[in-house]
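What follows is one structure encoded as structure tokens, with my remarks underneath.
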Amino acid sequence: MARFIEVARVEDVAPGTATVVQVGAAELALVNVNGTFFAIDNECTHRGGFLGEGEINTDWSDWAIECPLHGSVFDVRTGEVLNPPAPTPVRTYPVEVDGGVVKVSTE
Ligand code: FES
């Protein structure tokens, strides 16, 4: 069974924003889309921009996060690239919310 690690409290990440969280050795971007949390790799596959410092860009979709460096856009639900220059998707991770605590599994 996957082990979920506490990474934030629900109120730490406002809807429509993202933050960088640490899960063991992995650095992830935790994104709040209208109250639903998603976790993806923090590093953009283009040149390593921090997606946890990016912004939701609703021009692409409600689930689109834009890299702050050169504008690549990823779907936080699937990791899919919606807009280049990122060449490949990012990984996504399971998230659960339990009593106001957001937990992520990287297993
Ligand atoms: S590092 Fe993300 S778009 Fe270049």
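Worth pointing out:
- Rounded to the nearest 20, the Cβ-based charge dipole of the stretch 43-107 about its Cα centre (Lys and Arg +1, Asp and Glu -1) stands at 180 debye.
- Alpha carbon convex hull of the chain, volume per residue in cubic angstrom: 84 Å³
- Gained length - residue 22 relative to residue 55, 0.36 nm times residue gap less alpha-carbon distance: 10.0 nm
- The residue among 32, 82, 54 whose Cα reaches farthest toward the positive pole of the charge dipole of the stretch 5-104, with charges on the beta-carbon of Lys, Arg, Asp and Glu, is 82.
- Relative contact order for the chain, counting Cα pairs under 8 Å that sit 6 or more residues apart, in percent: 28 percent
- Zone residues, the stretch 30-72, relative to residue 10, backbone N less than 14 Å from point 7 Å out along Cα-to-Cβ: 32-38
Every number in this text was worked out from the coordinates using simple rules, so none of it is lab data. This one's a predicted model, so the numbers in the text were calculated from it and none came from an experiment. Note that each Cβ is placed from the backbone with ideal geometry, even for glycine, and that neighbours are counted across all protein chains shown.
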